[in-house]
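Q: Mind having a look at this structure? Questions to follow.
The values are calculated or read from the model by the stated rules, or taken from the named source; none is laboratory data. Because the structure is predicted, anything quoted here is derived from the model rather than measured. Virtual Cβ from ideal backbone geometry, glycine too; neighbours counted across all protein chains shown. All accessible areas refer to the heavy atoms of the entire protein, side chains included, with ligands and DNA or RNA removed. Shrake-Rupley method; radii C 1.70, N 1.55, O 1.52, S 1.80 Å.
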Amino acid sequence: MKYFKPDSFDDAIEIATKAEGTTRFLAGGTDVLVQLRADIVTPDTLIDLKGIDGVSDITQNNDGSWTLGVAVTGAEMSEHPTLEKDWPGVVEAMDLIGSTQVQGRATLVGNLCNGSPAADSVPAMVAAGVTLTVKGPNGSREVAVEDVPTGPGKTSLSADEVVTAVHIPASGAGRGDAYERFIPRTEMDIAVVGCGISLRVVDNVIVEARVAMGAVAPTIRLVPDAATALEGSTLDDAALDAVAEAARAACSPIDDKRGTIEFRIDVAGVLAKRVAKTAYERARAAQ
């Protein structure tokens, strides 16, 4: 295995372009190093991004949006004085990943690019409308988070492309988001079902919503019908029932030792209601 620690993304891309065999980028390493030690994947080329300027920066831009470096850890997100106030759902989703030690290394980008349908941070990012800057030998492009996973362990990124930044939109008045998951144990487990919801209210009426489900399909699912069920309502019982029905209808899960198909579909509806209530209360408080 060849190990590189470039000092720019351009150098990282050049290395990846010339590499043969399996290439992995290293930011936090909580997936890559575990897979390497377990002989699941042994990269021919390992490109460490932590030596690049700005990869650990959390920046709020003039328009209120956020730019996060690719090596920003979950611990750094949780400890930031302002980010959690703007996007508590995104931060709390990232905070659920692993132990305290893992939180000191794990990153949003790594959680996304690992390609797990059960990744906790991904439904929250999709609900929040997070985008990425992806750079390759042909230049840079902006990619919505929901367009990255294509199946378990697979993404739409080519081997010579690297994520260079994470962009979280401005929260603004009346915005609230939340994420919850169901797991068999009380902590440090993989989601059986996850749900992220972001919504905006005006005079307590939901005028905009995004709903995303995790661990219920081969990829994270953005659920437009669930958003439609919320929009125009004050989150009455009819809206809650409709969002639960839409969440269940979006599911195409598998049976495994952590949950049956029927169980996952049922829990999806329960979580959608619960997360909608939390996001709505946060949005009302932010008016």
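Q: Over the range 101-157, average the accessible area per residue using a 1.4 Å probe and give it in Å², no decimals.
A: Spelled out: the 1.4 Å probe surface of the range 101-157, per residue, equals 36 Å².
Q: What lysines could a cross-link reach from LYS5, if we take a straight Cα to Cα line under 20 Å and drop same-chain neighbours fewer than 8 places away?
A: Cross-link targets: LYS18, LYS50, LYS135.
Q: Work through the residues other than ALA286 whose Cβ is under 14 Å from its Cβ and net out their charges, Lys, Arg +1 and Asp, Glu -1. List each step's numbers first, then the result.
A: On the way: positive: LYS85, ARG175, ARG200, ARG282, ARG284; negative: GLU84, ASP86, ASP177, ASP203, GLU208, GLU281.
The answer is -1.
Q: So, with a 1.4 angstrom probe, what is the percent of accessible area on the chain that is carbon and sulfur?
A: Percent of accessible area from carbon and sulfur atoms in the chain: 49.
Q: Could I ask something else about it? Through the Karplus equation 6.51 cos²θ - 1.76 cosθ + 1.60, θ set to phi - 60°, convert the phi angles of the range 153-164 into ³J(HN,Hα) values in whole Hz; use x for Gly and Pro.
A: Once rounded to whole Hz, the list reads x, 10, 9, 7, 7, 7, 5, 9, 10, 9, 6, 10.
Q: Under 11 Å from a point placed 7 Å out from the Cα of TYR3 along the Cα-to-Cβ direction: which residues of the range 19-58 have their backbone N that close?
A: It comes to 46-48, nothing else.
Q: Further question on the same structure: In debye, nearest 20: dipole of the range 175-285 around its Cα centre with unit charges on the Cβ of K, R (+) and D, E (-)?
A: Taking the Cα centre of the range 175-285 as origin, the dipole is about 340 debye.
Q: For GLU20 and ASN204, calculate 0.36 nm times their separation in residues minus their Cα-Cα distance, and state this gained length in nm to one decimal. Each step should come with its number before you reach the end.
A: Details: separation 184, 0.36 × 184 = 66.24 nm, distance 5.56 nm.
Separation in residues times 0.36 nm, less the Cα-Cα distance, equals 60.7 nm.
Q: For PHE263 and SER56, compute 0.36 nm times the residue count separating them, minus their Cα-Cα distance, and round to one decimal in nm.
A: 70.6 nm
Q: Taking only protein heavy atoms and a 1.4 Å probe, what accessible area per residue, in Å², does the range 1-89 have with all protein chains in place?
A: Value for the range 1-89: 53 Å² per residue.
Q: Right, here's the next one. Can you give the accessible area per residue of the range 175-285, in Å², using a 1.4 Å probe?
A: Value returned for the range 175-285: 45 Å² of accessible area per residue.
Q: Then there's this: For the range 17-34, what does the Karplus curve 6.51 cos²θ - 1.76 cosθ + 1.60, with θ = phi - 60°, yield as ³J(HN,Hα) per residue in whole Hz, taken in order and with x for Gly and Pro?
A: My calculation for the range 17-34 gives 5, 8, 6, 10, x, 8, 10, 10, 8, 10, 10, x, x, 5, 9, 4, 6, 5 Hz in order.
Q: How big is the Kirkwood radius of the range 175-285, worked out from every pair of different alpha carbons and given in Å to one decimal?
A: Answer for the range 175-285: a Kirkwood hydrodynamic radius of 13.7 Å.
Q: Provide the per-residue ³J(HN,Hα) series for the range 89-94, in order, calculated from phi with Karplus coefficients 6.51, -1.76, 1.60 and θ = phi - 60°, each as a whole number of Hz, with x at glycine and proline positions.
A: x, 5, 5, 5, 5, 5
Q: Taking every DSSP beta bridge with both residues inside the chain, roughly what % is antiparallel (nearest 5)? Don't skip to the end; give the middle numbers.
A: Details: 40 of 47 bridges.
Taking every DSSP beta bridge with both residues in the chain, the antiparallel ones total about 85 percent.
Q: Using a 7 Å offset from Cα along Cα-Cβ at ALA38, what residues in the range 190-227 end up with backbone N under 13 Å from the label point?
A: 190
Q: Taking the Cα centre of the chain as origin and charging only Cβ (+1 Lys, Arg; -1 Asp, Glu), how large is the dipole, in debye to the nearest 20?
A: With Lys and Arg at +1 and Asp and Glu at -1, about 380 debye.
Q: Okay, moving on. Using a 10 angstrom Cβ neighbour count of at most 13 plus a DSSP loop assignment to flag exposed trypsin sites (Lys or Arg not before Pro), which longest range of the chain is free of such sites?
A: In short, 1-184.
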